[in-house]
Amino acid sequence: MKFMKPSHKRDSAEQPSIRYLDGSGLARPFDPPKFVIAACMIAAAAAAVIGGMMASKAIDQVLHGEERAAATIESNLSRDVSYDIPLLQDYIGLDDATILSRFEELGFLTYNLTGENDSGIDVMKLPSDTTLMDAGIALGGGIGNMDGVAASKYLVGSWRLTVDRVEGVSMRIRYADMQSMDATSAIDAAMASEGWIDNPAVTIENEGQDEVGNTFREGTLATDAATYTWRVSVCPLADVYDISGLPGNAHYVGIRMLA
């Protein structure tokens, strides 16, 4: 019996050839197309210009912002607008609707602040050189939140009239006096606006400072219809509103008449 000798030869499959990619292209520097380079340069230049303008504006605001604000405030304070303060004795006998109608006839630009449950009216007369829309936006946040520029624009030439009819009739006008140098001068100006200076129908019964420090003057006014009591009170505007930039002699004036 013949035995076959094991064969030590192995069948070997043909090995595939290995191909290597050409990496020479990766070694070259990346050069974007010329139009891409141009676009990038234009964008960078535009960004630099815009950034420079913004930086210049910010620096200018820091260095000269207060100067410009002060100049604007001074211009607002000196503009020619009339207060047209109503003579209270001509209105105290009128009803609310007639008062508002009279203001409309006189061409007053008014902003109605009357609440639904108020017993009278609360209305603000605006400067004649403003608009109701702009004033509504400015007043929407409250006078105390205005800056000096806005306050000097909307307080000069404006006043606020409130009428209370709970016990008798109480009529009050409040406004800012930016011109009078002291409280006494502000009271004199208020009385002059009502026609109470050198008026034989007007008597002064008391004046001085009240318990909260307001300077006041009060008395009576005799008319054909009745005798009314009146009072003019003045305090620094800064005691009522914290508004920077307004003149130090700014006063808050209240004129009140009772029937």
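Of the listed residues VAL240, VAL253, the order by accessible area with a 1.4 Å probe, largest first, is VAL240, VAL253.
A straight line joining the Cα centroids of region 193-246 and region 133-174 runs 18 Å.
What FRET efficiency, computed as 1/(1 + (r/R0)^6) with R0 = 30 Å and r the Cβ-Cβ distance, is obtained for ASP224 and GLU105, rounded to the nearest 0.05? Before the final figure, lay out the partial values.
On the way: r = 23 Å, r/R0 = 0.77.
So the FRET efficiency works out to roughly 0.80.
Sorted largest first by accessible area at a 1.4 angstrom probe radius, with every protein chain in place, the residues LYS153, LYS125 fall in the order LYS153, LYS125.
Ligands, DNA and RNA left out, the 1.4 Å accessible surface of region 123-259 is 50% carbon and sulfur atoms.
Quick one: net charge around ASP188, please, counting Lys, Arg +1 and Asp, Glu -1 for every other residue with C-beta under 15 Å from its C-beta.
My count for the surroundings of ASP188 gives -4.
Given a 1.4 Å probe and the protein chains as shown, SER128 ends up with an accessible area of around 90 Å².
The values are calculated or read from the model by the stated rules, or taken from the named source; none is laboratory data. Given the structure is predicted, the values throughout are model-derived calculations rather than measurements. With ideal geometry, Cβ positions are generated from the backbone for all residues, glycine too; neighbour counts draw on all protein chains shown. These area figures cover heavy atoms from the full protein model, side chains too; ligands, DNA and RNA do not enter into them. Shrake-Rupley method; radii C 1.70, N 1.55, O 1.52, S 1.80 Å.
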